[in-house]
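A short worksheet on the structure shown next.
The values are calculated or read from the model by the stated rules, or taken from the named source; none is laboratory data. Note that this is a predicted model, so its numbers are computed, not measured. When we count neighbours, we look across all protein chains shown, and the Cβ atoms used for this are built from the backbone with ideal geometry, even at glycine.
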Amino acid sequence: MTKGKMIIFFLCALLCSATSVGAYSKIHTTAVDWFKSSHPYPVWSRYEQSAVYTIPNEYDPALNIRTSAELPKVRLTGNIVDMSKYSNRPMQFKYDYKESHLSGYAAVSLQGNSSLNYRKKSFSIKLFTDRTHDVEYKPSFGNWYNTENYILKANWIDYTGARNIVASRLYKKMPNAMLPNGTYGIPDGFPVKLYINNSYRGLYTIVQPKKKKLFGLKDKDAVNGARLYSAEKKDGSAVFENSSALDDNWECKFPADHFDKTALNRLTEFVSSCTYEEFKTYASHYMDINSLINYIVFSEITMNADGWQKNYNIVTYDGKLWYIRPYDLDCTFGLDFAGNISESAYTDPMKDWINTTRLWTLTKACFPQEIYQRYLEVRHGALTEDAVMNEFKEFIDKVGTETYMNENTIWNRRGNIYDSFAQIKDYIKTRYAYLDEYMPAEFDHPSYFPSYKTKTVD
């Protein structure tokens, strides 16, 4: 990008920040009452131009972002008044991208937990071929499995919209990341432009939900003991402090309406009550050790601080051996749960986070050298600095600077994609430099069993 173009870009970005939405006649921004009544989440200081990340180096190829890009368009048409997480609304659905044109009907509801407070909402959609919602519609997107369920994720706290998808793709590059049936249990996604009732609502991503098909599960697998659970609360059995028979901190995702927690109890009872020696010896009879090691290493690299006590799924295909998978990865690469950039996160040792959950404390104590060796393997292999940056570059290029600037126009964001991209690059460089010293000091030693306050189960 030449200096002249760079100056024009920053002038346009400032203009987008200072001008009201209604002044842009070329962008349909008419908001219905439902959007007007939404309250903003007060975490906008991160969009101020940082003193650290000023004008990017025009010779840095990582920051040479495409100006414009053609994105798929998703259109939802219908009444959205009183839509909520638990109350869906019937709408028409259209998808257009180059030669691909899909249309049908959808049951649409709000999606998320804390994100329900954000101005820009995420949506769960279930597709049908008919207006009466009798026949499910399962379109095919690339090599994805066919399903009627999708999430339209707003990525309100992440200006790039890239973290959740890029982090998921990086996890699939971890060694032994594939599940025994050939799936990953990790969602994929891609950026789209969303229109609701012909009003442009900005940049979204279509993301696969944590449903059975993401894990390659079929209804008949339940007979063989297959189960899928999601950790929903930071308490009790979800952090492996007691048996799951004592609480409801897990949400059963497969089979539907399943109340027999025998397989889950077997796991949580063992982890919550075993000694270090017992975990070291018998853990492989309950959980896939590779998945535990991958989870720790991945979370250390990406600073997945919101994933130690919840935001993970566990799946078993035989009722005995469980695999753990992360989910909802927008709070990564230096971004906290409220959307703020925390520079202290760049060098956070995370050992205090690990010790909040008994499962991670046991894994760290019993398999430290395996964790360190896995770090070295991916640090100098599949997840090098360049490999991580290339994943972000590919996503952000698909979006293009014009789409990001329109986000500022529609949602009154003060974001700058160059500033955001430079922050991610700086995080990766700083984090790896820190981990190269921290990881051998913390993990390169034989197994040791520090004191851990056990919890007696009545």
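Things to note:
- The residues listed here are Y375, Y404, Y432, Y418; of these, the one that is under 18 Å from T205 (Cα atoms), of a type in the set (S, T, Y) and part of a helix (DSSP H, G or I) is Y404.
- The residues of region 90-109 that are surrounded by 18 or more Cβ atoms within 10 Å (Cβ to Cβ) and either closer than 21 Å to D158 by Cβ or over 25 Å from the mean Cα position of the chain (by Cα) (or both), listed by number, are M91, G104, Y105.
- Of residues in region 218-231 being of a type in the set (D, E, K, R) and crowded, with 18+ Cβ neighbours inside 10 Å, the one farthest from K310 (Cα to Cα): D221
- Selection within region 126-172 - over 23 Å from L203 (Cα atoms) and of a type in the set (S, T, N, Q): T129, T132, N146
- Only one of the numbered conditions (1) at pLDDT below 95; (2) loosely packed, with under 15 Cβ neighbours inside 10 Å is not met by G112, and that is (2).
Every residue, every condition in (1) without any contact (Cβ under 8 Å) to a residue 12 or more places away in the chain; (2) in contact with a strand residue (DSSP E or B) (Cβ under 8 Å, 6 or more places away or on another chain), yes or no:
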position: L214; (1), (2): no, no
position: K218; (1), (2): yes, no
position: D235; (1), (2): no, no
position: A283; (1), (2): no, no
position: E300; (1), (2): no, no
position: Y312; (1), (2): no, yes
position: T316; (1), (2): no, yes
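- The residue that is nearest to A422 (Cα to Cα), among those in region 162-198 that are among the polar types (S, T, N, Q) and surrounded by fewer than 18 Cβ atoms within 10 Å (Cβ to Cβ), is N176.
- Filter result (more than 23 Å from E99 (Cβ to Cβ) and hydroxyl-bearing (S, T, Y)) within region 125-153: T132
- Taken over region 127-157, the criterion of being of a type outside the set (A, V, I, L, M, F, W, C), crowded, with 19+ Cβ neighbours inside 10 Å and either over 30 Å from D336 (Cα atoms) or free of Cβ contacts under 8 Å to residues at least 40 places away in the same chain (or both) is satisfied by Y137, T147, E148.
- Members of region 170-188 that are within 10 Å of the chain's Cα centre (by Cα) and of a type outside the set (V, I, T): P187, D188
- A single entry from N143, N176 fulfils the requirement of being in a loop (DSSP other than H, G, I, E, B) and either in the same structural domain as N313 (by TED's automatic domain parsing) or at pLDDT below 95 (or both): N143.
- Per the conditions (1) over 27 Å from Y105 (Cβ atoms); (2) crowded, with 18+ Cβ neighbours inside 10 Å, the sole criterion not satisfied by K234 is (2).
- Within region 327-352, restricting attention to residues that are closer than 19 Å to Y171 by Cα and among the hydroxyl-bearing types (S, T, Y), the residue that is modelled with the lowest pLDDT is Y327.
- Boolean, I417 is under 18 Å from N64 (Cβ atoms) and either in contact with a His (Cβ under 9 Å, 6 or more places away or on another chain) or of a type in the set (V, I, T) (or both): yes
- The numbered conditions (1) assigned to a helix (DSSP H, G or I); (2) within 23 Å of the chain's Cα centre (by Cα) are all true for I410 except (2).
- Looking across L127, L102, one residue alone is assigned to a strand (DSSP E or B), of a type outside the set (S, T, N, Q), in the same structural domain as P187 (by TED's automatic domain parsing) and touching a Gly at 6+ places or on another chain (Cβ under 9 Å). It is L127.
- Region 142-165, residues that are under 13 Å from the mean Cα position of the chain (by Cα) and not polar (S, T, N, Q): I151, L152, K153, A154, W156, I157, D158, G161, A162, R163, I165
- Any hit, region 350-358, residues being closer than 18 Å to M287 by Cβ, crowded, with 19+ Cβ neighbours inside 10 Å and in contact (Cβ under 8 Å) with a residue 60 or more places away in the chain: yes
- Subset tally (residues that are more than 26 Å from the chain's Cα centre (by Cα) and touching a residue at least 24 places away in the same chain (Cβ under 8 Å)) for region 70-79: 2
- Restricting region 391-403 to residues that are modelled with pLDDT of 95 or more and touching a helix residue (DSSP H, G or I) at 6+ places or on another chain (Cβ under 7 Å), the residue that is surrounded by the fewest Cβ atoms within 10 Å (Cβ to Cβ): E391
- As a summary of the residue check, A162 satisfies the conditions (1) at pLDDT below 95; (2) touching a helix residue (DSSP H, G or I) at 6+ places or on another chain (Cβ under 6 Å) except for the one numbered (1).
- When V239 is tested against (1) over 27 Å from the mean Cα position of the chain (by Cα); (2) under 22 Å from A365 (Cβ atoms), exactly one condition is not met: (1).
Results for (1) hydrophobic (A, V, I, L, M, F, W, C); (2) within 29 Å of P72 (Cα to Cα), shown as yes or no for each residue.
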position	(1), (2)
L203	yes, yes
Q208	no, yes
L214	yes, yes
D221	no, no
S230	no, no
D235	no, no
